[in-house]
Every structure is written in C-alpha cells, then in structure tokens.
Amino acid sequence: MATFNSIIATEPLVLVDFFATWCQPCKTMHPVLDQLKQQLGTQIRILKVDIDKNEAVASHYGVQSVPTLFLFHNGELVWRQSGAQPLSALKAVVRPYL
C-alpha cells in the first residue's frame, strides 16, 4: 500500500486499472490501456493492480467489480469508473488534466 500511495502522490497523472486475471472484460482493457500509454507517453502513468494479489489496496478503495479505473491528478482522485472503457472515453477523461 505504501508503494501505491507514493506513486499516486508523486506522479502528476496516474490511471489505475484494478483488474483480475480471470476477468474477460479486464483482458479487453489491456490493449486499450497500452494504446493510451503509447499515445500519451510520459504525460501519464498507468498502474495495473491485480485485486487478487493486492486485496488491501482494492478494499481500501472500495473496488467491488473489475475492471475499475481510477484517475489520480496530483495525488487526488478525480475520476472513477467500473467496466471496460473505449479509448475515446479514456482520452476524454484524461484530456483536461494534461
């Protein structure tokens, strides 16, 4: 949890993907997140958190379904959404914080 908190506090823009390896919608998000990272480069950090391996973090943030995405801007939670999202929707959410 300390590492997670230090990452979201020190990076200007962090998109956190709470996922599970057994989750099919989570698998569809991986290439979307890769495309987002490829397009935005160093402007964003994408952090993937496996809920089965990081139960304390998932519980702390009230993650009840996967995938669940969180956007942190300067350490503050500014957006949260459950379910798979298309690239266009993620870019629209992130754009105001760039």
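The values are calculated or read from the model by the stated rules, or taken from the named source; none is laboratory data. Predicted model, so just to flag it, every value in this text is computed and none were measured. A quick note on method: Cβ atoms are made from the backbone with ideal geometry, for glycine too, and the neighbour counts reach across all protein chains shown. Protein only, heavy atoms only, side chains kept; ligands, DNA and RNA dropped before computing areas. Shrake-Rupley method; radii C 1.70, N 1.55, O 1.52, S 1.80 Å.
General observations
- The residue list 16, 41, 78 was ranked by how far each Cα lies along the charge dipole of the chain toward its positive end, using unit charges on Cβ atoms, and 41 comes out on top.
- In order along segment 17-30, the Karplus-derived 3J(HN,Hα) couplings, from 6.51 cos²θ - 1.76 cosθ + 1.60 at θ = phi - 60°, round to 10, 7, 9, 9, 5, 8, 8, 5, x, 4, 5, 6, 6, 4 Hz, and Gly and Pro are given as x.
- Take the Cα of residue 43, step 7 Å toward its Cβ, do the same at residue 9, and the gap between the two points is 2.8 nm.
- Assuming charge only on the beta carbon of Lys and Arg (+1) and of Asp and Glu (-1), the dipole of the chain about its Cα centre is about 260 debye to the nearest 20.
- Computed on the chain, the Cα convex hull volume stands at 86 Å³ per residue.
- Under 5 Å from the amide H of residue 63 lies no amide H of any residue 5 or more positions distant or on a separate chain, with H modelled from the backbone and absent for Pro and chain starts.
- Between amide H atoms placed 1.01 Å from N, distances below 5 Å from residue 47 occur with 15, 16, 17, all of them 5 or more places distant or on a separate chain.
- Loop-located trypsin sites (Lys or Arg not before Pro) in the chain (DSSP state not H, G, I, E or B) with no more than 13 neighbouring Cβ atoms inside 10 Å: 53.
- Loop sites in the chain: chymotrypsin sites (Phe, Trp or Tyr not before Pro), DSSP, at most 10 other Cβ within 10 Å: 22
- Percent accessible area from carbon and sulfur atoms, the chain, protein chains only, probe 1.4 Å: 51
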